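What follows draws every value from the coordinates through simple rules; no lab data is involved. Since this is a predicted model, take the numbers as computed values, not measurements. Neighbour counts are summed over all protein chains in view; Cβ atoms, including those assigned to glycine, are modelled from backbone coordinates with ideal geometry.
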Amino acid sequence: MPLSLSDVAYASLNQMLAALDGVLDKGAAHARAKGVEEQVFLDWRLAPDMFPMKRQTQIACDIASRGLARLARVEPPSVPDTEESFEALRARVAKARDFIRALDRGAIDSQPEAEVTFPVGQETMTLKRRDYLLNFVLPNVYFHVTAAYALLRACGVPLGKADFLARPR
């Protein structure tokens, strides 16, 4: 039985967003336990030109939601980047997961060879819908979830591979 776009997208994105939620939960607990202001972890970055941890989380949620919205041919959600706490970031992850679950799987799966055009910085890119999911959406979500994980790990949050993998489905 071949895998559909929605099979791949739902399994991968739900797992990664669940992992991100768990990593954020552990980050909040570690900040409390160590008496560190949450903002220190939220603003942490490894290099001056790198997005901070909170922005990595926002981007992971945005790419997951917008990516699947484009595949479902619905308007991508616009979410302001106003989160200033672990609780608010976890709520954003939950909203992204809820949005993705509510999308029409049939719309996502239809015409995998058709093209989708999307913004990339100041330019646009056009890919086949299948390639958009496999070569743009998923790698970008993995990248930003990995960055958030690594930033919190660098802050001393006790995270391991099992936290990144969450619960494989």
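Given a Förster distance of 45 angstrom, what is the FRET efficiency for M50 paired with A102, based on the Cβ-Cβ distance and rounded to 0.05? Working from the Cβ atoms, E equals 0.85.
By the combined test of axial Cα extent (at least 15 Å) and Kyte-Doolittle hydropathy (mean at least 0.0), the qualifying DSSP H helices of the chain come to 5-34, 138-154.
One chain, two ends: A18 and E113. Fully extended at 0.36 nm per residue, the span grows by 31.3 nm beyond their Cα-Cα distance. The modelled label-to-label distance for the pair M125/K34, using points 7 Å beyond Cα in the direction of Cβ, is 3.4 nm.
Calculated from DSSP H runs of 4 or more alone, at -39500 (n - 2.57) each and per residue, what is the 222 nm mean residue ellipticity of the chain, nearest 500? Don't skip to the end; give the middle numbers.
On the way: 8 runs with 103 residues, N = 169.
The helix-only estimate for the chain comes to -19500 deg cm²/dmol at 222 nm.
Here the label points at K161 and E75, each 7 Å from Cα along the C-beta direction, are separated by 4.5 nm in the simple model. By the Kirkwood approach, averaging reciprocal distances over each pair of separate Cα atoms, the chain gets a hydrodynamic radius of 16.4 Å. The fewest-to-most ranking of M16, M1, M53 by surrounding Cβ atoms within 10 Å reads M1, M16, M53.
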